[in-house]
Amino acid sequence: MVLATTSFAFAGQADARGYKYCLKSSPGPGDCKYSGYRQCMASASGLNATCVRNYGPRR
């Protein structure tokens, strides 16, 4: 069970590597699933959030 939980935790991080922008609304890595700045800002609209470059490793 621990192995399965660990696998799921790292799966999201691996998927985020290919995206250029992260939606940040709190401390931490953010929601890095945006390929463009405008796409990210559209999701941030109405939230107390901002978009930042994803400087994580690329695939």
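Restricting attention to region 30-52 and to residues that are open to solvent by less than 70 Å² (accessible area, probe 1.4 Å) and part of a loop (DSSP other than H, G, I, E, B), the residue that is farthest from Arg17 (Cα to Cα) turns out to be Ala49. Return the residues of region 6-34 that are touching a strand residue (DSSP E or B) at 6+ places or on another chain (Cβ under 7 Å) and at pLDDT 90 or above; say none if nothing qualifies. Residues satisfying the conditions are Tyr19, Lys20, Tyr21, Cys22, Leu23, Lys24, Gly30, Asp31, Cys32, Tyr34. Per this entry, Tyr37 is not counted among residues that are of a type in the set (Ser, Thr, Tyr), under 10 Å from the mean Cα position of the chain (by Cα) and modelled with pLDDT of 95 or more.
The values are calculated or read from the model by the stated rules, or taken from the named source; none is laboratory data. Fair warning: this is a prediction, and the values are worked out from it, not measured in the lab. No Cβ is skipped: glycine too gets one built from the backbone with ideal geometry, and neighbour counts run over all protein chains shown. Note: accessible area is taken over every heavy atom of the protein model, side chains too, but ligands, DNA and RNA are not part of it. Shrake-Rupley method; radii C 1.70, N 1.55, O 1.52, S 1.80 Å.
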